[in-house]
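A.B. asks: Please find one structure pasted underneath; my questions will follow.
The values are calculated or read from the model by the stated rules, or taken from the named source; none is laboratory data. Note that the coordinates shown come from a computational prediction; the quantities given were computed from them, not determined experimentally. No Cβ is skipped: glycine too gets one built from the backbone with ideal geometry, and neighbour counts run over all protein chains shown. Protein only, heavy atoms only, side chains kept; ligands, DNA and RNA dropped before computing areas. Shrake-Rupley method; radii C 1.70, N 1.55, O 1.52, S 1.80 Å.
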Amino acid sequence: MAEKKTKEIMQEFAIKKALGYLEKDPEKNAPKLMDMVDKVCPDDWYGGARKTIRRILEEKGNWYELVLRIYDLDPGVRKVFFENFIFNSALKGSAIQKEIAEKNNCNVPWAILMDPTSACNLHCTGCWAAEYGHQLELDFDTLDSIVKQGKELGTYMYIYTGGEPLVRKKDLIRLCEKHTDCEFLSFTNGTLIDEEFCQEMLRVKNFVPAISLEGFEDANDGRRGDGVYQKVINAMRLLKENKLPFGISTCYTSKNFEDVSSEAFYNLMIENGALFAWFFHYMPVGNSAVTELMPTPEQREEMYHRIRHFREIKPIFGMDFQNDAEFVGGCIAGGRSYFHINAKGDAEPCVFIHYSNANVHDTSIINILKSPIFQAYHDNQPFNDNQLRPCPMLENPEVLRKLVKDTGAVNTDYQEPESVDHLCDKCNAYAENWKPTADRLWEDSHSCES
Ligand code: SF4
């Protein structure tokens, strides 16, 4: 045991020293750093990731350009990001998560998503936040307790959803100050990012915004309201001028998929300073959600090809959470990589799956992870061998229907509860139509593996 501890301390020391070393001259020192990492880390520690990093450094392509863009960031923010994201979260944290998961036979997450508030300064069409009403919030002590408990489990990554999290920006900054070893990321509409908040981000160094953008000006303002696009552009300008890291989050639908997967949209994000672009498939969640916005199989296939294409040539980290599930082993919800706590405290397996058996005000995080619907996720993941069909709701609606009924999980939309049959019925035709395309794409991309 003592030997293990000494080894861990040495690894921690070597990795932190290596990260500091990298700060001095990344172009020259990055390959040397990889040699050091190979010496101190066991072969089975992130072998694939280490190989990829070596390839990026050697090829000097778009990913290398992205690495150099990261080196344009404020040095203090970058250093804290490396320590919190790479060391605390990915290395140290994942080892603790694994140990606790095995001991308890449950999932332990890499990240916890939480809604500080259900309030929002905008009223966007189709936003899941609208489903919860506008009166709820998690107070500071509850947010703090979630982070404290999470760290005991090895979770160092916290992601705010909502509502508009920046409505609570003072409390979010206090949490950054209190938990300097964690990385905090926030989905935001971007309209509350101003110079003063940028200065606060520079001071605490561990807060990264992911700004929602639904396309170009007309499409964005059509959904979010007049003038919002220009406010987002202004927020990006402020973040870029202050050398702060940020990304873009986009929900793609049958209406906007063409714009948000275009080269012009990629260029817009890169020129304005975004480092990552996260794409989310539209989910028909809520009694009033319309199915017409769900992409057709042809549209989803187009997204699949375009995101992969731009990932090869553009210096931005683009990820489509539905079509890229194969890179994370399928569905990541139910605590496998993350789970969601809404503004009332209900613990939900996924930000889109509003069914729960446990509330953070009544029980601990570890008990939440062992609650029936979380345990059902743990026992049934992956939900499909074809990971282009990863979701128990969208592509396998019969699965979610059964999980919710078997576990007695209740809907957490207090204004207008939606039955699991109502939700899953909306996905039946979609799942059926997508299956042939998904099977063909999967077969084409994995045929050499069999
Ligand atoms: S439940 Fe569906 S939407 Fe949520 S993480 Fe799993 S696959 Fe993605």
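A.B. asks: To make sure I understand the rule: partners must be aspartates and glutamates, Cα under 14 Å from the Cα of LYS32, and not fewer than 8 residues away in the same chain. Which ones qualify?
C.D. replies: Leaving aside aspartates and glutamates fewer than 8 places away in the same chain, those within reach of LYS32 are GLU23, GLU58.
A.B. asks: Which FRET efficiency value, to the nearest 0.05, is calculated for ARG69 and ASP181 with the Förster distance at 30 angstrom and r the Cβ-Cβ distance?
C.D. replies: Working: r = 25 Å, r/R0 = 0.84.
Given R0 = 30 Å and the Cβ-Cβ separation, E is 0.75.
A.B. asks: To the nearest 0.05, how large is the calculated FRET efficiency for LEU202 and GLU59 if R₀ is 41 Å and r is the Cβ-Cβ distance? Display every interim value, and only then the final one.
C.D. replies: Working: r = 33 Å, r/R0 = 0.80.
Efficiency for this residue pair is about 0.80.
A.B. asks: Please give the residues of region 68-101, grouped as numeric ranges, whose backbone N is less than 19 Å from a label point set 7 Å along the Cα-to-Cβ vector of ASN367.
C.D. replies: Within reach of a label on ASN367: 101.
A.B. asks: Any idea how far apart LYS402 and LYS28 come out in nm if each label point goes 7 Å out from Cα toward Cβ?
C.D. replies: Once both label points are built, they end up 6.1 nm from each other.
A.B. asks: Around TYR160, which amide H atoms from residues at least 5 apart in sequence, or from another chain, sit under 5 Å from its own amide H, with H modelled in the peptide plane?
C.D. replies: MET114, LEU185, SER186, PHE187
A.B. asks: With labels modelled as points extended 7 Å from the Cα through the Cβ direction, what inter-label distance (nm, one decimal) is found for GLU241 paired with ASP379?
C.D. replies: Spacing of the two 7 Å Cα→Cβ label points: 5.7 nm.
A.B. asks: What is the extension gain from HIS446 to SER254, computed as 0.36 nm multiplied by their sequence separation minus the C-alpha to C-alpha distance, in nm to one decimal? Don't skip to the answer; put the middle values down first.
C.D. replies: Values: separation 192, 0.36 × 192 = 69.12 nm, distance 2.73 nm.
My answer for the length gained is 66.4 nm.
A.B. asks: Enumerate the calculated ³J(HN,Hα) couplings along region 435-442 in order (Karplus 6.51 cos²θ - 1.76 cosθ + 1.60, θ = phi - 60°), each rounded to whole Hz, writing x wherever the residue is Gly or Pro.
C.D. replies: 3, x, 5, 4, 5, 5, 4, 5
A.B. asks: Leaving ligands, DNA and RNA out of it, work out the accessible area of VAL351 with a 1.4 Å probe and give it in Å² to the nearest 10.
C.D. replies: Result for VAL351: roughly 10 Å² accessible.
A.B. asks: Would you kindly state how much longer the chain becomes between SER145 and SER419 on full extension, computed as 0.36 nm times their sequence separation minus their alpha carbon distance, in nm to one decimal? It would help to have the intermediate numbers written out before the result.
C.D. replies: Details: separation 274, 0.36 × 274 = 98.64 nm, distance 3.12 nm.
Value of the extension gain: 95.5 nm.
A.B. asks: Continuing with this model, one more query. Of the accessible area of region 403-450, with the probe set at 1.4 angstrom, what percent is carbon plus sulfur?
C.D. replies: Working: 1340 of 2730 Å².
Carbon and sulfur together cover 49 percent of it.
A.B. asks: Can I ask one more? Antiparallel DSSP bridges in the chain: what percent, to the nearest 5?
C.D. replies: Working: 8 of 38 bridges.
Of the beta bridges lying entirely in the chain, close to 20 percent run antiparallel.
A.B. asks: Give me the accessible area per residue for the chain, probe 1.4 Å, as a whole number in Å².
C.D. replies: On the way: 19520 Å² over 450 residues.
It amounts to 43 Å² per residue over the chain.
A.B. asks: Continuing with the same structure: State, as an integer percentage, the relative contact order of the chain based on alpha-carbon contacts under 8 Å between residues 6 or more apart.
C.D. replies: Details: 755 pairs, mean separation 65.1, N = 450.
Relative contact order, the chain: 14 percent.
A.B. asks: Per the helix-only calculation at 222 nm, which mean residue ellipticity applies to the chain, given -39500 (n - 2.57) for every DSSP H run of n ≥ 4 and division by its residues, nearest 500 deg cm²/dmol?
C.D. replies: Numbers: 18 runs with 215 residues, N = 450.
After summing the helix terms and dividing by residue count, I get -15000 deg cm²/dmol.
A.B. asks: Right, another one. Past 18 Å, Cα to Cα: identify those pairs from LYS314/LYS435; LYS170/LYS205; LYS103/LYS370; LYS205/LYS240; LYS79/LYS205, in the order given.
C.D. replies: LYS314/LYS435
A.B. asks: Within the accessible area of region 101-242, what % is carbon and sulfur when the probe is 1.4 Å and the other protein chains stay in place? If you can, show how the numbers build up before the last one.
C.D. replies: Working: 2680 of 5440 Å².
The C+S portion of the solvent-accessible surface of region 101-242 is 49 percent.
A.B. asks: Separate question: What's the extension gain from GLU217 to ASN359 if we count 0.36 nm per residue and subtract their Cα-Cα distance? List each step's numbers first, then the result.
C.D. replies: Values: separation 142, 0.36 × 142 = 51.12 nm, distance 3.93 nm.
That works out to 47.2 nm of additional length.
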